[in-house]
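Comments concern the structure below.
The values are calculated or read from the model by the stated rules, or taken from the named source; none is laboratory data. Because the structure is predicted, anything quoted here is derived from the model rather than measured. Please note: Cβ atoms are built from the backbone with ideal geometry, for glycine as well, and neighbour counts cover all protein chains shown. Note: areas computed on protein heavy atoms with side chains; ligands, DNA, RNA excluded. Shrake-Rupley method; radii C 1.70, N 1.55, O 1.52, S 1.80 Å.
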Amino acid sequence: MKMVQGTAILGLACLASSVMADEALTVYSYRQAFLVEPILEQFTQSTGIQVNVVFAKDGIAERIEREGRLSPVDVVLTSDFSRLMELVEKDLVSPVNNDVINSNIPEVYRSPKNDWYALTMRVRNVYSSKERTGKIDIDYEDLAKPEYKGKICTRSGKHPYNVALVASMFAHHGEAETKTWLTGVKANLARKPQGNDRDQVLAVKEGMCDVAIGNSYYYGNMMMDENQKSWAEAVEINFPNQANRGAHINVSGMALAKFAPSKDNAIKLMEFLTSNVAQQAYAEVNMEYPVKADVKPSKLVASWGEFKADSLPIYKLAENHQAAVKLLDEVKFDL
């Protein structure tokens, strides 16, 4: 497998053309190398198809736009749902109506048009201080209540994880109620939104706030990290809205590039990524929930207990994506 690290994608066309088109394909990935590389190596071993990979934290959609019809990318892997929507909104993807993929990925976790598919799930959890708060029964709606005044930490509202959460609230409650809720959450923040999800857990440990919003897999990864294990051990992981609609789910995903030069190989890779082998790898390496129903989460993730997930189809988040961004702007959530 040939890889290009960082955000620099210059020269990729030359890289891709160095291998015969019928023996290779090119992937642009928002997902990190430690997770993607082992899975793609297994794919190459089982099929003989070489995979050239570009890893980038941002800018992939813009790059594909500039490359146009000459873009060498076949498959794009995203770290969250908002990245998938960016590709769709910019008309950079192509539908894949494939029986293998459709049978592996439940309908609720794929586009009705088959132009994107989820690969893993994660919950947008609420973490609470073991020392000061203990485990709590909480709904996302509760975060706007006066009892949480000055007690909440979160990363930027404009981060894709939070945009997706706001989009789900919009889908359930409509614009007016969601705006009121978002205004209430902002008023309850202990500090200006900043950092990443792990930083929010650290802030709870250090007493800056009592509750924090963060994705489930970060909790698992912190538990496996000797430098951050104490952070995770200082909080309880809570699954919101268990007495009603269920906890908000976000996803990582994949899409076939609109002008994929190696479409047949690309679809083979997409089939592989939905297989038990790849789904189990995602579960064990990054502490995520598989989307394939018969693949179980890792032992650590399973130890958190079963939970009720929001049954809202992921594509409903897409319908409210831009509305969520607009509301965050109107509320000036990050200011």
From the backbone phi of region 310-319, what are the Karplus-calculated ³J(HN,Hα) couplings (6.51 cos²θ - 1.76 cosθ + 1.60, θ = phi - 60°) in whole Hz, Gly and Pro given as x?
4, 7, 4, x, 4, 5, 5, 5, 4, 5
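When N counts the residues of the chain, how does its alpha-carbon radius of gyration compare numerically with 2.2 N^0.38 Å, as a ratio? Walk me through the numbers before you get to the answer.
Details: Rg = 20.0 Å, N = 335, 2.2 N^0.38 = 20.0 Å.
Against the compact-globule rule of thumb, the ratio is 1.00.
Could you work out how much longer the chain between D294 and D264 gets when fully extended? Use 0.36 nm per residue separation minus the Cα distance between them, nm to one decimal.
Length difference between fully extended and current span is 8.2 nm.
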Assuming R0 = 35 Å, can you tell me the calculated FRET efficiency for the pair D58 and E319, based on Cβ-Cβ distance, to the nearest 0.05?
0.90
Under a 1.4 Å probe, what is the accessible area of region 64-140 per residue, stated in Å²?
41
The value for region 252-319 (convex hull of the alpha-carbon atoms, volume per residue, Å³) is 111
Determine the alpha carbon to alpha carbon distance for each of K205/K332; K113/K268; K90/K299; K186/K258; K130/K186 and list only those over 31 Å.
K90/K299; K186/K258
Gyration tensor on Cα atoms of region 45-147, a ≥ b ≥ c root eigenvalues, a/c under 1.5 rounded, else prolate if a/b beats b/c, else oblate, says prolate
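Treat every Asp and Glu Cβ in the chain as -1 and every Lys and Arg Cβ as +1, leave all other atoms uncharged, and give the resulting dipole magnitude about the Cα centre to the nearest 20 debye.
560
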Proximal charge balance of P193 [Cβ under 13 Å; K/R count +1, D/E count -1]
+3
FRET efficiency, S103 to D137 (Cβ-Cβ, R0 56 Å, nearest 0.05):
0.95
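How many percent of the accessible area of the chain is carbon or sulfur, using a 1.4 Å probe? The partial results should precede the final answer.
Numbers: 7140 of 14100 Å².
Result for the chain: 51 percent of the exposed heavy-atom area is carbon or sulfur.
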Which net charge results for the neighbourhood of E175, defined as the other residues with beta-carbon distances under 11 angstrom from its beta-carbon, given Lys and Arg at +1 and Asp and Glu at -1?
0
